[in-house]
Amino acid sequence: MLFVVAILAAGATVYHLLAAFCAWRFRGRKSHPPADVGLVSLLKPVARRSPEIDAAIATHRNQTYPRIELLLADGPAPEGDGNPKIARLQTLRPSGDILVVSDADVRLEPDSIARIVAAFADERTGCVTCLYRARPGKTFASLLDALWISADFPAQVLSAERLQGMRFALGAVMAVRRADLEAVGGWEVLRPYLADDYQLGACIAERGKQVVLSEVVVETAHGSPTAQEVWRRHLRWSRTVRASRPAGHFGLIWTQATVWALALAATGAPLAWTAIPLTARLLSAALTARAVAAAHWALPCLPLVPLADLMGFAAWLTSFTSTTVNWAGRRYRVEQDGRIAPAP
């Protein structure tokens with residue numbers, strides 16, 4: 001048992017050292033020169049309004065890019081099967097050559113859109129997506145949630161980009177050429193799937209176009225969710241990854257440094273063995289929060305990273321036990337190929 005746990009801990013150490021390296025390199029990611037790529041349609045699906053959502057929408061109205069239209073898909077999703085986010089987007093009639101979809105709670109800096117769409121000056125670019133950080137609310141659950149999003153998730157994406165290349169998008173912000181979206185079948189092709197972001201990136205990559213991870217990092221604000229709300233969202237995310245990239249999802253076993261460090265301690269391993277994976281984990285968390293997410297609030301909270309890790313590990317384990325998710329007040333069954341259907 002000690003040998004198995006030691007191997008897993010060693011693998012997690014290597015992963016987090018790679019993640020720390022990727023986070024450090026992210027600081028030097030070059031921006032694309034400013035470019036006029038035509039009219040840009042900002043599409044924002046909004047399930048329900050709140051002060052946080054209204055504040056997020058306001059940041060989309062103050063962009064420096066000169067040619068923008070902002071369209072809100074406000075209110076309940078239309079009746080019917082499939083992804084409710086995509087169902088809302090299908091109600092919009094954008095005019096732009098470039099479509100930028102952002103989640104309801106995403107906040108932008110004034111120059112965010114100009115920097116994101118500049119990548120489309122290269123005709124090889126088919127999709128641009130962004131990393132994101134989170135702002136904690138007033139609950140302890142929201143703090144752990146934001147810490148995981150800001151200090152762990154970006155490192156996972158950057159590691160996947162370095163090892164496999166970008167063949168997926170991230171749902172917080174997805175920018176795509178209208179022509180490329182129409183060429184893969186439009187929103188209708190994405191609607192049956194839980195992971196619309198993964199499917200969009202995969203479809204664009206299959207056409208031979210590039211999926212570009214922007215240097216822009218946006219911010220999300222989930223308010224002050226309860227522990228149950230945070231758990232359901234993390235479980236949905238984990239089941240989304242399981243349905244989209246099953247091999248990669250199982251491979252997350254090599255990222256669980258906190259778990260394997262605790263397991264080493266439980267098996268009576270020397271203290272130094274326990275300290276090594278934990279040190280690598282905290283290093284990757286610190287560099288990710290600072291150099292990638294610019295979530296400076298997270299640095300004093302680093303001692304809580306192991307708790308956030310245990311929450312993520314629990315969601316990962318639980319994702320293998322069921323095929324249902326809760327999303328926007330509805331319950332869905334996730335099929336083996338990632339399609340969803342209403343569940344009783």
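Listed residues E79, E52, E69; which is in a loop (DSSP other than H, G, I, E, B) and surrounded by fewer than 19 Cβ atoms within 10 Å (Cβ to Cβ)?
Among E79, E52, E69, only E79 is in a loop (DSSP other than H, G, I, E, B) and surrounded by fewer than 19 Cβ atoms within 10 Å (Cβ to Cβ).
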Qualifying residue in the stretch 159-169 (condition: touching a Lys or Arg at 6+ places or on another chain (Cβ under 9 Å), touching a residue at least 24 places away in the same chain (Cβ under 8 Å) and either within 23 Å of I53 (Cα to Cα) or in a loop (DSSP other than H, G, I, E, B) (or both)): yes
The listed residue being of a type in the set (A, V, I, L, M), within 30 Å of R48 (Cα to Cα) and touching a residue at least 12 places away in the same chain (Cβ under 8 Å), out of A341, A291, A257: A341
Residue satisfying condition, being crowded, with 21+ Cβ neighbours inside 10 Å and more than 16 Å from W148 (Cβ to Cβ), within set W260, W254: W260
Among the residues listed as A275, A294, the single one being outside any helix (DSSP H, G or I), out of contact with any helix residue (DSSP H, G or I) (no Cβ under 6 Å at 6 or more places or on another chain) and not polar (S, T, N, Q): A294
Matching residues in the stretch 12-38 - criterion: being surrounded by fewer than 16 Cβ atoms within 10 Å (Cβ to Cβ) and assigned to a loop (DSSP other than H, G, I, E, B): R27, G28, R29, K30, S31, P33, P34, A35, D36, G38
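State the number of residues belonging to the stretch 104-127 that are part of a loop (DSSP other than H, G, I, E, B), within 23 Å of the chain's Cα centre (by Cα) and surrounded by fewer than 21 Cβ atoms within 10 Å (Cβ to Cβ).
Number satisfying all stated conditions: 3.
Values in this text are rule-based calculations from the coordinates and carry no lab data. Computed from a predicted structure; not experimentally measured. When we count neighbours, we look across all protein chains shown, and the Cβ atoms used for this are built from the backbone with ideal geometry, even at glycine.
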